[in-house]
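Input: a single structure, listed below in C-alpha cells.
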Amino acid sequence: MVDLAYVIAGSEATGGAGIQADLRTFQELGAFGLGTLTCIVSFDPANDWGHRFFPVPPEVIAAQMEAAAAAYDLDVVKIGMLGTPATIDVVAEGLRRQPWRHVVLDPVLICKGQEPGAALDTDNALREQIVPLATVVTPNLFETRALSGMDTIETVEQLTEAARRIQELGPRYVVAKGGVELPGDDAVDVLVAGDDVTVLRTPKVGEERVAGAGCTLAAAITAELAKGAEVGAAVERAKDFVTAGIRGRVSGRAPFEVVRQGA
Ligand code: PXL
C-alpha cells in the first residue's frame with residue numbers, strides 16, 4: 001500500500017515554510033507526498049525581508065487538483081496557505097468533489113511580514129468555506145484568537161475554551177497551539193477531540209518563533225494519518241517531530257531560523 005499524503009499550499013521561496021516544509025515532512029515520515037501550489041511567497045531581502053505575494057491563477061489551481069485526483073485515490077489532504085478569496089473558492093470547490101478521510105487545515109491567516117487584519121475578506125472566506133470542510137484544524141495562538149473570537153488567551157483553560165469554540169465551526173478535532181507566546185515554561189498544545197481534551201506539553205525551545213513549525217506540525221499529522229494512525233497518536237508523534245526539528249533548526253541569512261525536518 002502507498003501512503004499518499006496530498007498537500008494544497010503555497011511556496012515560500014527560502015524553503016523554510018509552505019509546501020517545501022510539507023513535502024520534506026512527508027518524506028521524513030515515510031509518506032508519499034504530492035502537492036498543489038496555491039501561491040508563491042518571496043520575501044524581499046532588499047526591503048527588510050518584507051512580504052511579496054504572488055497568487056497562482058484559480059484555473060491553474062483547479063487543473064493541478066484535477067490531475068492529482070485523477071492520478072490517485074486521495075483520502076488525506078493538508079491545506080496550508082491559500083491567500084485570496086478566489087483561491088479559497090476554487091480549493092473549496094475541488095475539495096467538495098470527493099469524500100476525504102481527513103482534511104487537515106493549517107488556517108494560515110497572515111505570514112511573516114504581513115500586517116494582522118490585512119486580508120479580512122480572505123480570513124472570512126477561510127472561516128466560512130474551508131474550516132467547515134476540515135476534520136482537523138491546527139491554529140496557532142493568533143489564529144485561535146481570530147477563529148474563536150476570544151481576544152484574551154493567556155492560560156491553558158482559555159486555550160481549551162477557544163478550541164471548543166472553533167470545534168463548533170465544524171472540525172471534529174482542534175489542535176490549538178500555545179507556542180512560545182502562551183505564558184509559561186512549556187510549549188502547550190491543546191487537542192480537543194469530540195468531547196475529550198488532551199494537553200500536550202514540551203519545554204519551550206528558546207523564546208523566538210521558528211519558521212515552518214506550523215506547516216511541519218500539520219504536515220506531520222497528515223503523514224501519520226495517511227499511514228493509518230488515529231488522530232490522537234498522529235498529533236503526539238507530530239509534536240515530537242516538530243520539537244526535534246526546532247531543536248535542530250537551521251540558520252541562514254534571513255532574519256528567522258527554520259525547522260529542520262528529521263533532525
Ligand atoms: O508559516 C506560514 C506560511 C505558510 N505558507 C507559506 C508561507 C508562510 C509564511 O511565511 O510563506 C507559503
For this session: Can you confirm whether region 216-231 contains a residue that is surrounded by fewer than 16 Cβ atoms within 10 Å (Cβ to Cβ), modelled with pLDDT of 95 or more, within 16 Å of residue 177 (Cβ to Cβ) and of a type in the set (Asp, Glu)?
Result: no
Exercise. What are the residues in region 1-13 that are β-branched (Val, Ile, Thr) and within 13 Å of the ligand (Cβ to nearest atom), if any?
Worked result: 7, 8
Exercise. For region 124-205, which fully contained strands (runs of 3 or more DSSP E) count at least 1 residues that are without any contact (Cβ under 8 Å) to a residue 40 or more places away in the chain, over 24 Å from residue 259 (Cα atoms) and over 17 Å from the mean Cα position of the chain (by Cα)?
Worked result: 186-193, 196-203
Seminar exercise, completed: The one condition residue 106 fails out of (1) of a type outside the set (A, V, I, L, M, F, W, C); (2) within 19 Å of residue 89 (Cα to Cα); (3) out of contact with any Gly (no Cβ under 6 Å at 6 or more places or on another chain) is (3)
Exercise. Would region 14-30 turn up any residue that is modelled with pLDDT of 95 or more, assigned to a strand (DSSP E or B), within 12 Å of the ligand (Cβ to nearest atom) and among the hydroxyl-bearing types (Ser, Thr, Tyr)?
Worked result: no
Problem set entry | In region 31-47, residue farthest from residue 64 (Cα to Cα) [restricted to those that are within 10 Å of the ligand (Cβ to nearest atom) and not small (Gly, Ala, Ser)] | 43
Exercise. Any idea which of (1) within 25 Å of residue 223 (Cα to Cα); (2) within 16 Å of the ligand (Cβ to nearest atom); (3) under 19 Å from the mean Cα position of the chain (by Cα) is the one residue 76 doesn't satisfy?
Worked result: (2)
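The values are calculated or read from the model by the stated rules, or taken from the named source; none is laboratory data. Being a predicted model, the structure only gives us computed values, none of them experimental. FYI the Cβ positions are ideal-geometry reconstructions off the backbone, even for glycines, and counts take in every protein chain you see.
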